[in-house]
1. Separation between the Asn36 and Lys61 pseudo-spin-labels, each 7 Å from Cα along Cα→Cβ, expressed in nm?
2. Describe numerically, in nm with one decimal, the distance between label points set 7 Å from Cα along Cα→Cβ at Val44 and at Glu73.
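No value in this document is a laboratory result; all are computed from the given coordinates. Only a predicted model underlies this, so the values are computations on that prediction, with no experimental measurement involved. Cβ atoms come from the backbone with ideal geometry, glycine included; neighbour counts cover every protein chain shown.
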Amino acid sequence: MYKIKPNDVEEVHWETFDERKKGQVKDTIIKMKQRNLNISDESVLRNELDIGDKEWGKFGKDIKKYIQFELNEDIGYEEKKRHYKKSNIKNNTTEQDDNKE
């Protein structure tokens, strides 16, 4: 049995956040500002960019980073830093060493 994929799913699979996408985002932000739309409202931004769930899932972080850091528009996006757990290294001292006077 074969599954038929919708075209947009196949396109999203192969797309990258390139200069063309950045241009679309920049144009959309300019239009949103002209119409006094809230650019920090994710649902409004997605609607204006005409981006579906799959595409937003793939490019959402890149879009927000681009708007915040390259277009210098404060949308309240903060890049989350990964916190790595440091391994707990115990002292190599023995009980006798701790009790020395």
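1. 3.6 nm
2. Calculated label separation equals 1.0 nm.
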